[in-house]
Amino acid sequence: MRFTSEQRLDDGVLVREFTLGEIPGTLWTPAASAPAPLILMAHNNGLPKGEPRLVARARYCAAHGYAVAAIDAPGRGDRPRCAADEQARAELRRVMRDGGSAGEIEEAFEAFVGPLVDKSVPEWRATLDALLALPGIAGPVGYSGWTAVGIRLAVTEPRIAAAGFFAGGYVPRAQREEARQVTVPLLFLLQWDDEGNPRRRALDLFDAFGSREKTLHANLGGHTGTPWFEVEDGDRFFGRHLK
């Protein structure tokens, strides 16, 4: 892991950009010198690590005593584009724009997101290895954000101790099956009027999780309307399990 820049914010949080091989990432760490628990933070469907909503969540969590890391998914942010991925993404947008049937949307989503999950999770695990070798980061480890990647990580990565998922009705078939194997404490956020994620499918996914402790928070509003107080509630959730 090589750090390429750093900036100390007014609240004492240290922001450092890094690269791990071809993987670009950002690490936010709190002002306190004591070893901090770590939260891996991924934005839905591979949106860049610099997306403002993700950055705001990361800064809040770091100011409250966590180390927070985000990486760009393959073909996202400044990473090289793959023609097949771009074609799959364009097809998903077309089907959504043209009001395709539920089956058409699901197949387009499967073709785009399924391969992206398969590529992203090994990179997250490699990043986790490098982060836990740094001074000032001691674990335990939490995960927050993109549901499809979070399910695979929660199943394959024993160091994940708790997870917060942003509910998505369209989760690849492989992750819908894997959801039954998720056993870590879970906080699941659902936007009741999410125009891009069917509510019934999200509720069925929540029901499928194998966790003995799982909590569903549902709020009125569309896909990007998650209220800020859910970030505060997420801090309390992670505080119970990581601190």
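Each value in this text was obtained by applying a stated rule to the coordinates, not by laboratory testing. Quantities reported herein were computed from a predicted structural model and do not represent experimental measurements. A quick note on method: Cβ atoms are made from the backbone with ideal geometry, for glycine too, and the neighbour counts reach across all protein chains shown.
The table below lists the values:
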read-out: Estimated 222 nm signal from helices in the chain, with DSSP H stretches of n ≥ 4 weighted -39500 (n - 2.57), rounded to 500; value: -13000 deg cm²/dmol
read-out: Projected-area mean, the chain, by convex hull of Cα positions, square nanometres; value: 12.2
read-out: Normalised contact order of the range 39-170, rounded percent, pairs of Cα under 8 Å and 6 or more residues apart; value: 26
read-out: Between the range 177-193 and the range 1-45, the alpha-carbon center distance in angstrom; value: 26
read-out: ALA90 versus ARG176: modelled label distance in nm, points set 7 Å from Cα along the beta carbon direction; value: 2.8
read-out: Stretch gain in nm, segment ARG53-LEU9, where the contour uses 0.36 nm per residue and the Cα spacing is subtracted; value: 14.1 nm
read-out: Protection proxy ranking, peptides 132-139, 64-71, average beta carbon neighbours within 10 Å, highest first; value: 64-71, 132-139
read-out: Förster radius 35 Å - calculated FRET efficiency between PHE229 and ARG81 (Cβ-Cβ, nearest 0.05); value: 0.45
read-out: DSSP-defined antiparallel bridges as percent of all bridges, the chain, nearest 5; value: 40
read-out: Under 13 Å, Cβ to Cβ, from GLU91 - net charge with Lys/Arg +1 and Asp/Glu -1; value: -3
read-out: Net +/- balance of residues flanking LYS243 in space, Cβ distance below 13 Å, scoring K and R +1, D and E -1; value: +1
read-out: Efficiency of FRET from Cβ geometry, LEU220 and THR156, R₀ 35 Å, rounded to 0.05; value: 0.55
read-out: Gaussian network model of the chain, Cα within-10 Å springs - most flexible of PHE229, PHE165, PHE206; value: PHE229
read-out: Average Cα contact separation per residue, the range 27-100, under 8 Å, 6 or more apart, as relative contact order %; value: 34
read-out: Residues of type lysines that LYS119 reaches as a straight line, Cα spacing below 19 Å, ignoring anything fewer than 8 places off in the same chain; value: LYS49
read-out: Separation of alpha-carbon centers, the range 211-231 and the range 105-145, rounded to whole Å; value: 21
read-out: DSSP bridge pairs, the range 17-113: antiparallel proportion in percent, nearest 5; value: 75
